[in-house]
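The values are calculated or read from the model by the stated rules, or taken from the named source; none is laboratory data. This one's a predicted model, so the numbers in the text were calculated from it and none came from an experiment. Every residue, glycine among them, receives a Cβ derived from its backbone with ideal geometry; neighbour counts consider all protein chains shown.
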Amino acid sequence: MSDEEIELVLLDAGEKMEAAVAHARREFSTVRTGRASSALFERLTVEAYGVEMKLQEVASFSVPEARQLIVTPHDIGNLDVIEKAIMNSNMGLSPSNDGRIIRLNFPMLTEERRRDLAKVVGGMAEEAKQRVNGVRRQARKELDELDGVSEDDVRGAEIALDSMKDEFIGMIDVAQAQKEEELLEV
């Protein structure tokens, strides 16, 4: 029974750490790199049909060129609210509306802005690492609270837990390095 309980604690911790890494990757994708990507608008909401909706629910996106994104509303009546939401998003983009679609041209990022965005990504990575460490602490506490488990079994589980934590933090580091490389690419 005690081995099963330890396995459950480790499995749960692994799932939570994996979720923290996935969340970090999603966060990284929202940082603008000078390339057109609909991921930048995942958090953007618009007021359509009297309710707040995600932009992706009221429009579709296409990328005809590396630095251009086209937003096509499902309902032309939402064109103005979509354009307004993009202008108010503080992404530094100027939407161009032709009455049917919105074109967004992504300007080249300045070196200073690239470095600032790399720092933002670093902060996001640090938060993700803290989440992973928090999961490790919680799992360690759960291991200590298990009844009928030998100290050797708990020590072995701690080693597995630390190894798991290091692996997931390594994944965050790799994702951060990839995003920073993408940001600093001219």
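Side notes on the structure shown:
- The stretch 130-146, residues that are more than 24 Å from the chain's Cα centre (by Cα) and either free of Cβ contacts under 8 Å to residues at least 60 places away in the same chain or not assigned by TED's automatic domain parsing to the domain that holds I6 (or both): R140, K141, D144, E145
- The residue that is surrounded by the fewest Cβ atoms within 10 Å (Cβ to Cβ), among those in the stretch 81-124 that are basic (K, R) and over 21 Å from A66 (Cβ atoms), is R100.
- Among residues that are modelled with pLDDT of 85 or more, within 24 Å of M124 (Cβ to Cβ), outside the structural domain of E167 (by TED's automatic domain parsing) and touching a helix residue (DSSP H, G or I) at 6+ places or on another chain (Cβ under 7 Å), A85 is included.
- Flag if R114 is closer than 16 Å to A13 by Cβ and charged (D, E, K, R): no
- Qualifying residue in the stretch 116-137 (condition: more than 28 Å from A175 (Cα to Cα), at pLDDT 90 or above and among the acidic types (D, E)): no
- Taken as a whole, the stretch 115-125 holds no residue that is small (G, A, S), more than 19 Å from A24 (Cβ to Cβ) and free of Cβ contacts under 8 Å to residues at least 60 places away in the same chain.
- Highlighted here are the strands (runs of 3 or more DSSP E) found entirely within the stretch 57-161 that include at least 3 residues which are among the β-branched types (V, I, T): 68-73.
Residues are listed down the side, and each one gets a yes or a no for (1) surrounded by 18 or more Cβ atoms within 10 Å (Cβ to Cβ); (2) at pLDDT 85 or above; (3) not assigned by TED's automatic domain parsing to the domain that holds V120:
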{"position": "G14", "(1), (2), (3)": "yes, yes, no"}
{"position": "A19", "(1), (2), (3)": "no, yes, no"}
{"position": "R26", "(1), (2), (3)": "no, yes, no"}
{"position": "E42", "(1), (2), (3)": "no, no, yes"}
{"position": "V51", "(1), (2), (3)": "no, yes, yes"}
{"position": "K54", "(1), (2), (3)": "no, yes, yes"}
{"position": "R67", "(1), (2), (3)": "no, no, yes"}
